[in-house]
Amino acid sequence: MTADRFYPSSKRCSQCGNVKDQISLRERTYECPVCGLVIDRNLNAALNLEQLITARSAGSYACGEEKFMSTLKSGQVLFHEAGTERQTI
C-alpha cells in the first residue's frame with residue numbers, strides 16, 4: 001500500500017489531525033498549534049502513515065477520499081472522512 005505523493009504526513013498532527021499550511025525542511029520538531037503536541041517530525045510522519053494504512057485497511061473509499069484515524073488520550077478514536085465533520089465514537 002502506498003500513500004499519495006502529496007499526502008501531508010509531515011504537516012498533519014498525528015494526535016488531532018490538524019494540517020499546517022507549511023513546514024520547513026529545517027524544522028525537525030513538529031509542534032501543533034491546535035492541540036499542543038510536540039514530537040519529532042519523522043516520528044509524527046511515521047505515525048500519520050501508520051494511521052493512513054490502518055484506516056484504508058478498514059475499507060476502500062470512492063473517488064480517492066481519505067479516512068483519517070488517530071487515538072485520543074482517553075482511548076476513544078477520532079475518525080475524519082473527507083467532506084465530513086470530525087466525529088468521536
- Which part of the stretch 18-53 falls in the paramagnetic zone of residue 6, meaning amide N under 15 Å from the point 7 Å along Cα-to-beta-carbon? 21-22
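By counting other Cβ atoms within 10 Å of each Cβ, how are 7, 30 ranked from fewest to most?
7, 30
No value in this document is a laboratory result; all are computed from the given coordinates. Just so you know, these numbers come straight off a predicted model, no measurement behind them. Glycine gets a Cβ as well: all are built from the backbone with ideal geometry, and neighbour counts include every protein chain shown.
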